[in-house]
Every structure is written in C-alpha cells, then in structure tokens.
Amino acid sequence: MGSWAAVIIIGSFVLVLAVYAFSRHDGTFEGGIQRGIEQFMKLVPRMLCALVAAGFIAKLIPTSIISTYLGAEAGLTAVVIGTLTGLIVPSGPVISFAIAATFANAGASVPALVAFITSWSLFAAHRMIIYEIPLLGFSFLRLRVSSVAIMPFAAGIFVLVTHWLIGFVG
C-alpha cells in the first residue's frame, strides 16, 4: 500500500469519527479536536527528533556494515543480530521504526528487519527495567520473557525460509 493510500484510508476513518462525534452534540467533537491538537503538539517534536536520530544512524553506521551483518547474504546471522539489536534499542516506536527504515535503506534483509522489530516489540530492555519489573515484578517478567523468547528468531527464520522457498520455486 502506498503512502497516499494509507493517508486516504486513515483520513476517511477520521472523517467518519468526526461526523459521528459532531452528530452527538455533546462536546465530543470539540474535545476530540482539542485532544488531537494536544497529541499533535507532543508527537511532532518526537517525530522530528526520531527522524534526525535515524539520519545520524544512517551516516554514522556505514552502509557496508549494515548490509554485511544485516543483509541477505548474512542469512541466519542477520536474524540473530537483528534480534539482539531490537533488544538493546532504548526507544519508542517512532525512533525504532525510523531505525528500521534506515537499516532497510542501507541494505538490511527483510528477515533481519522482522527479527529487529519483533525483538524490540517484545523485549525492549528499557521498558522491562522502567515499567515491567517495578509494576509487575521480576517473576512476571521471567514468565513473560521465557514464554516468548524464541519469537524474534522464529519470525526472522520464517521469513528467511519463505524467501528461500519463493526464490527456489520462482
């Protein structure tokens, strides 16, 4: 799906919600507009910082290193490195997906990117330290992590095998 298609789909959804909120005549529309502006004001600086950070990553980490260790030729090693990188990236989705896009543009393979995003989603160390252990306890963390530990590797390997099968068949 192209970026314009995504904008049209999301914009249509917003329009439907706005019409519904307006039809309620209870201040929901005005409250929604106000909340949207507040979120916009919070998100835009984060997006700017994330995109600048991704730009620095793109320039500081040579493309040859990314393509060598995360590229298609790296195979299973790329999946392992993608998984470990996702574990240590201390950021929210704005920066993590910007980093993933930078890796993709520098030649990272799809299996490595899948492993990176899956690992970041499940195991971001900063979230475990800041939120999970203090709020839910180490026992919960141990159980949760052990129950999904294989997932980033499995997701990356699944994509790796799928690419190999498609290449073999096609």
* Asked: Taking interchain pairs and intrachain pairs at least six residues apart, which have beta carbon atoms under 8 angstrom, with the first residue in the range 37-60 and touching a residue at least 40 places away in the same chain (Cβ under 8 Å) and the second open to solvent by 100 Å² or more (accessible area, probe 1.4 Å)?
  -> Ala58/Asn105
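Applying the selection to the range 15-35, what residues are among the charged types (D, E, K, R) and open to solvent by 100 Å² or more (accessible area, probe 1.4 Å)?
Initial filter on the range 15-35 (among the charged types (D, E, K, R)): 24, 26, 30, 35.
Correct list: Arg24, Glu30, Arg35.
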* Failed condition for Ser12, given (1) more than 19 Å from Val114 (Cα to Cα); (2) open to solvent by 80 Å² or more (accessible area, probe 1.4 Å); (3) not β-branched (Val, Ile, Thr), with all others met? -> (2)
* Structure fact -> Checked against (1) open to solvent by 80 Å² or more (accessible area, probe 1.4 Å); (2) farther than 24 Å from Ala98 by Cβ, Phe40 satisfies every condition except (2)
* **Neighbours by Cβ (under 8 Å, 6+ apart or cross-chain): first from the range 120-139, closer than 17 Å to Ile150 by Cα; second open to solvent by 50 Å² or more (accessible area, probe 1.4 Å) and not acidic (Asp, Glu)** => Trp120/Leu87; Leu122/Met151; Phe123/Leu87; Ala124/Leu87; Ala124/Pro90; Ala125/Leu87; Ala125/Ile88; Ala125/Pro90
* Asked: When residues of the range 119-139 are filtered for being within 13 Å of the chain's Cα centre (by Cα) and either surrounded by fewer than 22 Cβ atoms within 10 Å (Cβ to Cβ) or hydrophobic (A, V, I, L, M, F, W, C) (or both), how many remain?
  -> 5
* Structure fact -> All conditions in (1) modelled with pLDDT under 90; (2) in a helix (DSSP H, G or I); (3) open to solvent by 50 Å² or more (accessible area, probe 1.4 Å); (4) not hydrophobic (A, V, I, L, M, F, W, C) are true of Arg144 except (1)
* Structure fact -> Scanning the range 96-113 residue by residue, those open to solvent by 40 Å² or more (accessible area, probe 1.4 Å) and either touching a residue at least 12 places away in the same chain (Cβ under 8 Å) or over 14 Å from the mean Cα position of the chain (by Cα) (or both) turn out to be Phe97, Ala101, Asn105, Val110
* Pick from the range 54-95, criterion of a type in the set (Gly, Ala, Ser), modelled with pLDDT under 85 and open to solvent by 30 Å² or more (accessible area, probe 1.4 Å), ranking: nearest to His126 (Cα to Cα) -> Gly92
* Does any residue in the range 68-95 that is under 18 Å from Ala149 (Cβ atoms) and part of a helix (DSSP H, G or I) come within less than 8 Å, Cβ to Cβ, of a residue that is open to solvent by 40 Å² or more (accessible area, probe 1.4 Å) and among the aromatic types (Phe, Trp, Tyr) six or more places away or on a different chain, and which pairs are these? -> Val79/Phe153; Val80/Phe153; Ile81/Tyr69; Thr83/Phe153
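The values are calculated or read from the model by the stated rules, or taken from the named source; none is laboratory data. What you see is a predicted model, and the numbers here were worked out from it, not measured in a lab. Heads up, the Cβs are rebuilt from the backbone with ideal geometry, glycines too, and the neighbour counts pull from every protein chain shown. We work out accessible area using only protein heavy atoms, side chains counted, and drop any ligands, DNA or RNA first. Shrake-Rupley method; radii C 1.70, N 1.55, O 1.52, S 1.80 Å.
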